[in-house]
Amino acid sequence: MKLLSIGSIAILAIFIVLSSSMFVVSQTEQALILQFGKPERVIKEPGLKFKLPFIQNVEYFDNRLLDYDAQSNEVIAADQKRLIVDSFVRYRITDPLRFKQTVGNEMTMRSRLNSILESSLRQVLGGVPLSAVLSEKRAEIMENIKNLVNLQAMGQKIEGGADNITKGGFGIEVIDVRIKRADLPPANSEGIYKRMQTEREREAKEFRAKGSEDAQKIRSQADKERTIILAEANKKAEITRGEGDGQATKIFADSFGKDQDFFQFYRSMQAYRNTLDKKDTTIMMSPDNEFLKFMEKGEGSTRP
């Protein structure tokens, strides 16, 4: 019985020693082996691992991308516009030992990242106008912020950057920095919108005035061209009419020149028709008037 008890105790002791010396690192983790609180080695490969029992312990760090949603920061752009900027950082722990030595845990890391991100935002956004933040240049601006945050997180002192930079960095790599929102403070929004409305109204008035000016020019040009066309047409009409009258006069002259008596008779008949055509016309003249010579009594005469 005593031998059985001793064997059971030995097996139990071996089990305890083995269980305390084995540990598993998952694919989403990396491990740091500590011996009496002093770092011994870093394990990044997943699987079953071993350590010295009782005197060594394991601390795990996430191997995945970590997100930090930063607090809203008020930033002054290059054109003196105040902005409320919401942003976030995505980073990965690349050196668990360095991470442990500098910040210790993720909560402290978020605090350090907040100060680095705030200084980077002020430095980059302070050099560009508000219009650039709201344009297609936004992606380039975020890339500059990411690079600046990454340099400071890696321990490189940047002029105008955060003062609490640790030499050698924090053992992380900043993968991305994004601006979720960049708005004007509520107190300034209404004034900005009114100025924008006034500016758009001024531009609309300028466009309308320019349109009216162009329309007047077009009307004036059209009226000028119309006057010229009518004048040219009247000129051609008068020339054609004059040429026709001339030809008609020539024809009459040629025709009646052959018989002057007939021409005189024809012209007198036209005069009688034009003068005596109206029923209410009354003419008083002596019978021997030259005008009535073709109305005297005789052969073919209509005079009584």
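Read-outs: derived from the displayed coordinates by stated rules, not from any lab. Model, not experiment: these values are computed from the prediction. Counting neighbours? That spans all protein chains shown, and the Cβs are built from the backbone with ideal geometry, glycine included.
Lysine pair count for the range 66-184 with Cα-Cα distance under 16 Å and sequence separation of 8 or more or different chains is 6.
Computed over the Cα atoms of the range 1-146, the ratio of the radius of gyration to the Kirkwood radius (Rg/Rh) comes to 1.28.
Starting from the Cα of ASP183, step 7 Å toward the Cβ, then list every residue of the range 116-156 with an amide N under 16 Å from that point. Counting only backbone N, you get 134. A simple rule links phi to the HN-Hα coupling: the Karplus curve 6.51 cos²θ - 1.76 cosθ + 1.60 with θ = phi - 60°, which for the range 33-40 gives 8, 10, 10, 6, x, 9, x, 10 Hz, with x for Gly and Pro. Ordering PHE262, PHE36, PHE170, PHE99 from the fewest to the most neighbouring beta carbons within 10 Å gives PHE36, PHE262, PHE99, PHE170.
Normalising by residue count, the range 9-62 has a Cα convex hull of 66 Å³ per residue.
By the count of other C-beta atoms within 10 Å, a proxy for reagent exposure, MET142, MET269 are ordered fewest to most as MET269, MET142.
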